[in-house]
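Have a look at the structure below before the remarks.
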Amino acid sequence: MSIERIPSDFASYSDAVAVSGPGRWIQVAGQVGMDADGKVEGDLAAQTHATLDNVEKVLAKVGADLGDVVKIVVYLTSLDDYASFSAVRAERFGDVLPASAAVQVAGLLLDAEIEIEALAFVAE
């Protein structure tokens, strides 16, 4: 199995991620930063951390982790604080940055400011 990541020239994501070889694809449904009490709290950076924590929990259930993520789609209620999200993405993914798209939306469940869906690949 081979994963090739082509980093962006200006941001904390990959412009492309090429995957080849046998394995399985995992599509993670949109996650928000909901805590154990079903609440979403904090600023965008805190919600991004909590959201990625939830993505990690889902991935762990199928034997994967953030290092296996090849693409994320991010839904934000405002792009005004995009830099906060981007900084957390860089911190959490390190040098295995996924391809990434961000879309501004009118609203999200639980009044969240961010929702993330992920696509991962795990080699066999």
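Worth a mention:
- DSSP beta bridges confined to the chain are antiparallel in about 75 percent of cases.
- Tilt relative to the chain, helix 82-93 - C-alpha long axis, 0 to 90 degrees, to 10: 40
- The chain shape via C-alpha gyration tensor axes, a/c threshold 1.5: oblate
- Using the rule -39500 (n - 2.57) for each DSSP H run of four or more residues, divided by the residues of the chain, the 222 nm mean residue ellipticity is -8000 deg cm²/dmol.
- Note on Val62: accessible area approximately 50 square angstrom, rounded to 10, probe 1.4 Å, nucleic acids and ligands left out.
- Rounded to the nearest 20 debye, dipole of region 35-94 from Cβ charges on Lys, Arg, Asp, Glu: 280
- Ile6 sits with roughly 80 Å² accessible to a 1.4 Å probe, with DNA, RNA and ligands left out of the calculation.
- Normalising the average separation of contacting C-alpha pairs (under 8 angstrom, six or more residues apart) by the number of residues puts the relative contact order of the chain at 38 percent.
- About the Cα centre, charge dipole magnitude for the chain (Lys/Arg +1, Asp/Glu -1 at Cβ), debye: 420
- When the Cα positions of Gln27, Val74, Asn54 are compared along the charge dipole of the chain, Gln27 comes out farthest toward the positive end, with charges on each C-beta of Lys, Arg, Asp and Glu.
- Taken along the Cα-to-beta-carbon direction at a fixed 7 Å, the label points for Asp43 and Val105 span 2.4 nm.
- Contact order relative to length of region 64-124, as percent, for alpha carbon pairs under 8 angstrom and 6 or more apart: 57
- Taking the longest Cα principal axis of the chain as reference, the axis of helix 44-61 is set at about 40 degrees.
- Ordering of 103-115, 81-93 by burial proxy (mean other Cβ atoms within 10 Å per residue, highest first): 81-93, 103-115
- Label-point separation, Phe10 to Val73 (7 Å along Cα→Cβ), nm: 2.4
- Peptides 45-52, 94-101, 20-27 ranked from most to least packed by the mean count of surrounding Cβ atoms within 10 Å: 45-52, 94-101, 20-27.
The values are calculated or read from the model by the stated rules, or taken from the named source; none is laboratory data. Since the structure is predicted, the reported quantities are computational estimates derived from the model, not experimental observations. Cβ: placed from backbone, ideal geometry, glycine included. Neighbour counts: every protein chain shown. In case anyone asks, the SASA skips ligands and DNA or RNA and just uses the protein heavy atoms, side chains included. Shrake-Rupley method; radii C 1.70, N 1.55, O 1.52, S 1.80 Å.
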